[in-house]
Amino acid sequence: MNLSATGVFIETTNLGLRKGQTVVLSFAINLGTVTKLHRRTAVVAHVSRGGTGLMMESHSVARAN
């Protein structure tokens, strides 16, 4: 539903996720003749009836771990 460099809101039914839980997001990026998969780690920021808000970890944080 909404995507930015720092987060995403996914319009869904109940996925069983809890606030603070870590998930891995996979995005298919179409580059014409090639499709690349891009993965980012995110933390569940909020869960509502309308969907789930996820805050993506920055590259610098992910590399430090």
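Where a number appears in this text, it was derived from the coordinates with a stated rule and is not lab data. All values derive from a computational prediction rather than experimental measurement. Positions of Cβ are generated from backbone atoms using ideal geometry, with glycine treated the same way; all protein chains shown enter the neighbour counts.
Looking at this structure, is Thr6 of a type in the set (S, T, N, Q), farther than 21 Å from Ser58 by Cβ and surrounded by fewer than 13 Cβ atoms within 10 Å (Cβ to Cβ)? First the steps, then the outcome.
Numbers: of a type in the set (S, T, N, Q): yes; farther than 21 Å from Ser58 by Cβ: no; surrounded by fewer than 13 Cβ atoms within 10 Å (Cβ to Cβ): yes.
When the stated conditions are applied, Thr6 does not pass them.
The rows are residues; the columns are (1) under 19 Å from Ser4 (Cβ atoms); (2) touching a Lys or Arg at 6+ places or on another chain (Cβ under 9 Å).
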{"residue": "Leu15", "(1), (2)": "no, no"}
{"residue": "Gln21", "(1), (2)": "no, no"}
{"residue": "Val24", "(1), (2)": "yes, yes"}
{"residue": "Phe27", "(1), (2)": "yes, yes"}
{"residue": "Leu31", "(1), (2)": "no, no"}
{"residue": "Val34", "(1), (2)": "no, no"}
{"residue": "Ala42", "(1), (2)": "yes, no"}
{"residue": "Ala45", "(1), (2)": "yes, yes"}
{"residue": "Met55", "(1), (2)": "yes, no"}
TODO: Scan Ser4, Ser26 and give me the residue that is touching a Leu at 6+ places or on another chain (Cβ under 8 Å) and of a type in the set (S, T, N, Q).
DONE: Ser26
- [ ] Taking only the stretch 4-16 into account, find how many residues are within 10 Å of His46 (Cβ to Cβ) and part of a loop (DSSP other than H, G, I, E, B).
- [x] 0
